[in-house]
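Remarks on the structure that follows.
Coordinate-derived values only; no laboratory data. Since the model is a prediction, treat every value here as computed from it, not as a measurement. Every residue, glycine as well, gets a Cβ built from its backbone with ideal geometry; the counts of neighbours run over all protein chains shown.
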Amino acid sequence: MKLSYAKHTLGNGLDVLLHEDHGCPIVAVNVWYHVGSKNEHPGHTGFAHLFEHLMFEGSQHHDRGFFQPLQGAGATLNGSTNADRTNYWEVVPPNALELALWMESDRMGFLLPALTEAKFSNQRDVVLNERRQNYENRPYGLAPMALLAALFPPDHPYHWTTIGEIADLQAVQLDEVHAFFRRYYHPANASLALAGDFDPDEALGLVDQYFGTIDAGLRVGPVRASASLSDETRLFFEDRVELPRLYFAWLTPAMFADGDADLDLATDLLANGKTSRLYRRLVFEQRIATDVSASQNSREIAGYAQITATAAPDHALDEIEAVIVDEIARLAAEGPTDDEIDRGRVQAEAQFVFRLQTIGGFGGKSDQLNAYNVFLGDPAYFDRDLERYHAVTASSLRQAVARYLDPLRRVTLSIVPRGRADLAAGGSTLAVVS
Amino acid sequence: MTGRPGPVDGRAVMVDRSRLPEPGPAKPFTFPSIEKSTLPNGLGLWTVTHAQVPVVSLMLLVRCGAAADPPGRDGLAATTADMLDEGSGDRSAIEVHEALARIGAQFDTDIGSDAIVVSTTVLSRFTDRALALLSDVVVRPALRESDFDRVRQLRLHRLTQLRDVPGAVADRAFLKLLYGDHPYGHAPIGSESALTAMTVDDVRAFHASAIRPSAATLIAVGDCAHGEIARIASDAFADWSAGSASLSGERSGDEGRAFERSAESRALPRSPRLALVPRAKAPQSELRIGHVTVARDTPDYHALVVANMILGGQFVSRINLNLREDKGFTYGARTAFEFRRLPSPFVLQVSVQTTATAEAIHEAIGEIADIRGPRPVTPEELALGTAALTRGYARSFETADQIARAVMQLALYDLPDDYFVTFVPSIERVTCDEVSRVMTRHVDPARLLTLIVGDPDAAGANLARLDLGDPQILLPETF
């Protein structure tokens, strides 16, 4: 199974990845900038994401909204920011490929002349509202703030969330926006992928025409940081929720590193779906939790694994904790069954095939090519990525669980209803979150 | 010309940044053609061959949803749908899911007002096993009492948790205020009192009466041929009986239409103009503004779709540009005609910072009123809205799952086979005058209900200026 492509690098360093798929008359344009909230600093958090918003507010030669001409040409488009990267994409009819390249290249090369204080202040308000909507006014919405802050030390770039701190967002100045653009938004720090129904020679010509003259800019070096936990941290806070919820989190290997795929499969078999061990015990048999889930969140510098369970009414988080600890210990001692390993492999294969169905958008083929290119310098990694999952054995999975899901090096967080600090898991101290 | 020359194959090419490139002629697109047959028990089988990737999407549509919940049993259809994968024959719920996991299946059950949809996407080499499993869960669910007790308990816990989710609170309260006791007056999850009163016998009876082959359509899209799917489905669904004698032979639609006629005759309540669900110290107000309007089968469908695009259906809509891009009150605002088989809600949804509540409502209602005539749609807006709907239409048919969902709309709303082909020309025929006409006819600013889920003190300030009267206060326990 392969995701075929051709890679070209323009004279200014811009990587261009081309993947033909003539199944549907559409073309995906996908641009990654290798910058995210990990490139921010304490006191200046939330900046990479706020900047992403400004990229939709017009550039020098089209100093109006970015959406209108593209939507008028039949495009759908969006962008997103995470800790490690920022991406922007359009899916357009083939006859609007040139328009999309014009628009993307104009904001890569000519954003700042159009960036005014008024746009900046408007999008800051929008982002503060995004934060209210998705974090502050949402039950359990502040959990990531508490978990990341406890997992990573204050100077580690994963200590804060991508949405950022309110005070930092309120303090940011327009000149910082200009400096940020100059530092990170240029061809040497970007990767452009096209996927879909286009002629590759013609498309490469257009890409060169629109992007080839943009100044390369400086290469951006990797961000280095390390984190370790030497003991267990037990925290709680009160929130506007009905049922208490328990979170476990551990530091784990980075994206694509040894142990990453093992923990991906381990978290699945522990807590995802009705076949998982924890669903069976907590929700199906003992009925002491209403839900349970888990994930290995692999990032560029480091990863963290997380297990989350919500208590059923009249059941204590301590009861749930005991079951989770017991199941992890059992997996660490005995490893998975052959059936669990077989199912994990088939599911991985199916998920990889499903990923080949769409050219654009978040997670489409163009986005995957850019992910492999930006993080590994190797767009061809798709089939080897699947191979990582096929290489997982009962023994390697068991060892990864034993090594990383260690009860003595863990963050344990309880979120409890207001006024019910007594419902937090035993021994927890108050976390301050906002 | 403001660009600089760039070298391509040694040639100097000037980049013209003085104007945007005009898209050339559109590429032709062939819409999926649907092959149809009917199994002896009345189950409709619709397939589309889409062999891009070795994947098959299977969807079983049952044209019966939460609107069919009997009085006092709000949530029964959803609970029944939820029970389908909780064991089949002598297999437990977990064993059913292990079987799905062994073929790497994605499996989902969806419930809406008018339908239950059970769907699975698999690698095409597992099509036969997936169809057998789909039949097991839909036709032969175990519906055991112990599983029912657990599922009902989980749904009650879910209802408890939803009390703290502002969007869910707003949706439930809004439906109740708009529809009252009408079949659309409750969310599919139902209410605590109805779930508490429900028994496993209710579920068994609902399954027996509602989930029948004559009310269902099996849709298969992917790397598969109609004949092959028909052969496998005939086996898999062979023992799904057509239903009781009195119903067998009856055309599927008739009974549904009789139900709909009786539902339609139920009067809608008189909604207040302004209502508030208190959420003390909430940083945002979750708003719903709208009223009940026409159903999916309105002849004005295409004109309303265009009108909605311009008003609140896309990023560059009037309402989003006003509330987000001009005022910065919100992360995003949108409107929708939430079309269903019966008269459907028109609704504006937005979550705004608490201090801007009254002003956001004023602006939103102003935009809805203005598009009907005072500030009619301009030719430029019409061209943009129309183009956004038509030029990108092909991308809704990229994956097997997308095609299956598109085809399902035809089955659910009795749309003709050439619906996709006629969509673009029907949208392109809409004029500015027609947008004004349909918005005037189907949306009435004087009838709009505005619902706020937010802080009663901070959000409540300045509400009097809106001239909507005192807000009716709703407590979360009452809906």
task: Could you tally the net charge around B:Arg447, taking each other residue with its Cβ under 12 Å from the Cβ of B:Arg447, Lys/Arg +1 and Asp/Glu -1?
output: +1
field: DSSP bridge pairs, chain A: antiparallel proportion in percent, nearest 5
entry: 75
statement: Residue-ordered couplings for region B:105-118, obtained by feeding phi - 60° into the Karplus form 6.51 cos²θ - 1.76 cosθ + 1.60 and rounding to whole Hz (Gly and Pro as x), are 6, 8, 10, 9, 10, 10, 10, x, 5, 10, 7, 10, 10, 10
task: Please average, across the residues of A:23-31, the number of beta carbons from any other chain that are within 10 Å of each residue's own beta carbon, and give a whole number.
output: 4
Student exercise, the protein assembly as shown dipole from Lys, Arg, Asp, Glu Cβ charges, in Debye to nearest 20: 980
query: With the contact rule set at Cα under 8 Å and sequence spacing of 6 or more, what percent relative contact order holds for chain B?
result: 20
message: Can you give me the C-alpha center-to-center distance between region B:283-361 and region A:80-150, rounded to a whole angstrom?
response: 22
query: Taking chain A as a Gaussian network, Cα atoms linked when under 10 Å apart, which of A:Thr76, A:Thr116, A:Thr267 shows the biggest mean-square fluctuation?
result: A:Thr116
- request: With label points built 7 Å along Cα→Cβ from the Cα atoms of A:Ala329 and B:Gln106, find their separation and express it in nm.
  value: 3.9
- prompt: Of A:Lys274/B:Lys176; A:Lys38/B:Lys281; A:Lys2/A:Lys365, which ones are farther than 22 Å apart at the Cα?
  reply: A:Lys274/B:Lys176; A:Lys38/B:Lys281
query: Which order do A:Glu90, B:Glu86, A:Glu334, A:Glu349 fall in if you start with the one that has the fewest other Cβ atoms within 10 Å?
result: A:Glu334, A:Glu349, B:Glu86, A:Glu90
message: Could you tell me the ratio Rg/Rh of chain A? Both radii from Cα atoms, Rh via Kirkwood.
response: 0.99
task: For region B:274-478, report the translational diffusion coefficient in µm²/s to the nearest whole number, using Stokes-Einstein at 10 °C, 1.306 mPa s, and a Kirkwood Rh over Cα pairs.
output: 88
statement: The answer for the per residue Cα convex hull volume of region B:397-445, in Å³, is 129
query: Top mean-square fluctuation among A:Ala309, A:Ala190, A:Ala402, Gaussian network model of chain A, C-alpha springs under 10 Å?
result: A:Ala402
- request: For region A:13-93, just say rounded, prolate or oblate: build the C-alpha gyration tensor, square-root its eigenvalues into a ≥ b ≥ c, call rounded for a/c under 1.5, and beyond that prolate if a/b exceeds b/c, oblate if not.
  value: oblate
- prompt: How big, in percent, is the set of alpha carbon pairs in chain B lying more than 44 Å apart?
  reply: 21
message: Can you give me the C-alpha center-to-center distance between region B:47-112 and region A:199-222, rounded to a whole angstrom?
response: 47
field: Alpha-carbon gyration tensor eigenvalues x 5, square-rooted, for region B:35-265, Å
entry: 30, 21, 17
- request: Using just the helices of chain A, give the 222 nm mean residue ellipticity in deg cm²/dmol: DSSP H runs with n ≥ 4 each add -39,500 (n - 2.57), and the total is spread over all residues, rounded to 500.
  value: -11000 deg cm²/dmol
- line: Summed over the other residues with a beta carbon less than 13 angstrom from that of A:Arg107, with K and R at +1 and D and E at -1, the charge totals -3
- line: Placing each pseudo-label 7 Å from Cα in the direction of the beta carbon, A:His41 and A:Ile341 end up separated by a distance in nanometres of 4.9
message: Using a 7 Å offset from the Cα along the Cα-to-Cβ direction at both B:Asp239 and B:Asp201, what is the distance between the two label points in nm, to one decimal?
response: 2.6
message: Tell me the net charge near B:Leu177. Cut-off is 13 Å between Cβ atoms, B:Leu177 excluded, with +1 for each Lys or Arg and -1 for each Asp or Glu.
response: +4
field: Among A:Leu147, A:Phe47, A:Leu128 - extreme Cα towards positive end, dipole of region A:6-211, charges at beta-carbon
entry: A:Leu147
task: Please list B:64-76, B:34-46 highest first by mean number of surrounding beta-carbon atoms within 10 Å per residue.
output: B:64-76, B:34-46
- prompt: GNM on chain A, C-alpha springs below 10 Å: top fluctuator among A:Asp175, A:Asp197, A:Asp106?
  reply: A:Asp175
- prompt: Can you give the Rg to Rh ratio of the protein assembly as shown, both from alpha-carbon atoms, with Rh computed by the Kirkwood formula?
  reply: 0.94
field: Rounded FRET efficiency, nearest 0.05, which uses the C-beta distance separating A:Arg420 from A:Ala171 and R0 of 41 Å
entry: 0.75
query: Hull surface divided by four, with the convex hull built on the Cα atoms of region A:291-397: how many nm²?
result: 9.0
- request: Let me know the mean shielding of B:320-332 by other chains, meaning the per-residue number of their Cβ atoms within 10 Å of its Cβ.
  value: 4
task: May I ask you to evaluate 6.51 cos²θ - 1.76 cosθ + 1.60, the Karplus curve with θ = phi - 60°, for each residue of region B:417-423 and list the ³J(HN,Hα) values in order in whole Hz, giving x for glycine and proline?
output: 4, 8, 4, 5, 5, 8, 4
message: What does the structure give for A:63-74 when I average, per residue, the other chain Cβ atoms found within 10 Å of the residue Cβ?
response: 6
